[in-house]
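So the structure is just underneath, and the comments pick up after that.
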Amino acid sequence: MMDALPEWSNLLIRWFHVFAGILWIGSTWYFTWLDRQLHAAPEGVWMVHSGGFYLVEKQQDPKVDPSKIHWFRYEALFTWLSGLVLLYLVYYSGGLMEDAPRWLGAGLIVVGWGAVVSYAALVAVAWWLTRAMEGRAAYIHLGAMMGTIMALNVWLRILPAQRKLVAAIAAGQPPNPVLAERAKDRSKHNTFIILPVVMTMISNHFPTATYGSAYNWQVFAVLVLVGWGAAKIVRER
């Protein structure tokens, strides 16, 4: 039984990670869709789900007790933390990082938020990683880096803006629309980033086509563009 403990730990944490990610990305995409619908129909959006009918409206000048507001924040935190635990279990303690310095992958995750500011930079990081470590590890670390960017978008950009908006409501002042737009932009960025992240997660099942290919970093670059294009199409519907 004790021999199977690492595998059980991997299974349970991976299960938790995937479910937390579903909650996080599901709510992000739901509100992205909802905001677009409300832009076209400001009077409200009618929906039907699980036997109930719902009318959702966007409040421009809300009068509500801040303690009654639900915050969508822990989904991102738990997804990110469980992902880091998985990265450690599978790669750092699982023997899959023996050919590369461990500080390399960990350092990339820490500084990646500030480093990846463009598609060209992301491709450059992919090129470098596929030469610094084994292809499978490179893909997963790219996914971890982008996932970290998403989580930091939530906790360092979106939530601080939301706190200021809620504080204004509590003080009886109108919310600052600039803060709202900035938070919305970060959420929009996350809807684009998530598709390449998921691609890196499932790439383990397709080694020949992805990380195991002689053109692994070029494949990554193309699939990122495909993911972003798909995200744009979905966002516009």
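The values are calculated or read from the model by the stated rules, or taken from the named source; none is laboratory data. Note that the coordinates shown come from a computational prediction; the quantities given were computed from them, not determined experimentally. So basically every Cβ, Gly included, is an ideal-geometry build from the backbone, and we count neighbours across all protein chains shown.
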If you go through 52, 44, the only one that is in contact with an Asp or Glu (Cβ under 7 Å, 6 or more places away or on another chain), small (Gly, Ala, Ser), more than 19 Å from residue 187 (Cα to Cα) and modelled with pLDDT of 90 or more is 44
A careful count of residues in region 1-34 that are surrounded by fewer than 16 Cβ atoms within 10 Å (Cβ to Cβ) and of a type in the set (D, E, K, R) gives 2
Note on residue 83: of the conditions (1) within 26 Å of the chain's Cα centre (by Cα); (2) over 27 Å from residue 236 (Cα atoms); (3) at pLDDT below 95; (4) surrounded by fewer than 17 Cβ atoms within 10 Å (Cβ to Cβ), unmet is (4)
In region 35-57, residues that are in contact (Cβ under 8 Å) with a residue 24 or more places away in the chain and either surrounded by fewer than 11 Cβ atoms within 10 Å (Cβ to Cβ) or within 20 Å of residue 69 (Cα to Cα) (or both) total 1
Flagged pairs (Cβ under 9 angstrom, 6 or more apart or on separate chains; first in region 1-27, over 24 Å from residue 146 (Cβ atoms); second at pLDDT below 95 and surrounded by 15 or more Cβ atoms within 10 Å (Cβ to Cβ)) are 6/89; 9/85; 9/89
Counting only residues that are outside any helix (DSSP H, G or I) and out of contact with any Pro (no Cβ under 9 Å at 6 or more places or on another chain), region 208-235 contains a total of 7
